[in-house]
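Worksheet for the structure shown next.
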Amino acid sequence: MCNNECDATTEELAHPPQLMFDTEGRNPTTFWQSTSWKRYPKALLVNITLSWNKTIELTDDIVLTFESGRPEQMVLEKSLDYGRSWQPYQFYATDCLDAFTMEPKTVQDLTQHTLLDIICTEEYSRGYVWKYDKTVRFEIKDRFALFAGPRLHNMASLYGQLDTTKNLRDFFTITDLRIRLLRPATGATMVDENNLSRYFYAISDIKVQGRCKCNLHANSCVFDKEKLSCECEHNTTGPDCGRCKRNYQGRAWSAGSYLPIPKGTANICVPNNIGPVMRPNVSSLGVANRKEARVCDNELMRCQNGGACVNNVRCSCPPAYAGLLCERRRCETELGGCRGTDSGAAGPPPCAVDSPLLLILLLGSTLL
């Protein structure tokens, strides 16, 4: 750690923000470092903002690794609207009552009914330099465990809650994160005003693990033209697969569902009925006309996976496929599904999945 030898104008002594997201395990450790607390008693305030320009669903703990000692006061904030507004995720302090007028709590104090509460914890703010624990966490898995059990063995229960409770889904959803550093580690009750260069913030690593939010209408998410985007399926489109494609608005768009467990429901967008087709209907009472909705054709609404359109009113599907447009595999509705029986392991159901995406690097970050 370079202390007062840091100099942003000298390459060997510079500690830019990129060093929070480089390869770990180097010797010596690389890290970002703020300016020193030379204006004490004026607060040393630093904001670190992580932006993905995409809606992300968190799947594991957020972990910050400090090389300066963990800060005595800090706030982790989230945004759901690309940084236009912010709300607190968690407060951190050596003394929660003094810093934020909040009673100290830990994630172990939460229950299923209080999971969405914003707490202040003193668990990660003790000590100036702790050799064996430099991390500050926002505990995602411990919150999952309130529904899925201590070892996350009952993910079906968690998926059921996520499927039916929008506030719970939103709690684990972000577009941006902001780390507000409010007071550096001092290691003492009094600040040594004769040695202010020793007080600063330094972070060697930030890990944020999650997946693209695709509303369970995509199996993969790609990074293209400096932007993350879902590869939408089920006749959906948009950054989060949040609407039906043109000519596939035969019913209102709906997100894919985890229910029923374990296979889920894809909630595929279906074609529009683009005008009635008049066909003769011969009966014992004579000849009459009836209206039949056009389901398929050979231009806009083609049968998928080798299906053939019959009289514009139905698709004749190959043996392995079923559905209005032969859009799904027949085995998905059979016992055991297309990938064997469900093992109970953590992961979305196969009919409606979002591919996990590890977001360890900083995409479009700013340091304020």
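Nothing in this text is a laboratory measurement; each read-out follows from the coordinates by a stated rule. Just so you know, these numbers come straight off a predicted model, no measurement behind them. Here the Cβ is made from the backbone with ideal geometry for all residues, glycine too, and neighbour counts use every protein chain on show.
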Can you give the FRET efficiency to the nearest 0.05 for Asn195 and Lys166, using r as the Cβ-Cβ distance and R₀ = 41 Å?
0.20
For Asp205, the residues 5 or more places away or on another chain with a placed amide H closer than 5 Å to its own amide H are Thr65
Mean Cβ-within-10 Å packing, highest first, puts peptides 159-166, 172-179 in the order 172-179, 159-166
Using R₀ = 56 Å, calculate the FRET efficiency as 1/(1 + (r/R₀)^6) where r is the Cβ-Cβ separation of Arg126 and Asn219; round to 0.05.
0.80
With the contact rule set at Cα under 8 Å and sequence spacing of 6 or more, what percent relative contact order holds for segment 172-240?
21 percent
Inter-probe distance in nm under a simple model that places probes 7 Å from Cα toward Cβ, at Val313 and Asp117:
6.1 nm
Please identify the chymotrypsin sites (Phe, Trp or Tyr not before Pro) of segment 89-120 that satisfy two criteria: DSSP loop assignment and at most 10 other Cβ atoms within 10 Å. Which are they?
none
Using a cut-off of 16 Å between alpha-carbon atoms, which lysines can reach Lys225, once sequence neighbours fewer than 8 places away in the same chain are excluded?
Lys54
Among the listed pairs Lys141/Lys166; Lys42/Lys105; Lys166/Lys263; Lys38/Lys105; Lys134/Lys207; Lys78/Lys213, which have their C-alpha atoms separated by more than 23 angstrom in this model?
Lys42/Lys105; Lys38/Lys105
Env charge @ Leu168, Cβ radius under 12 Å, K,R +1 / D,E -1, value 0
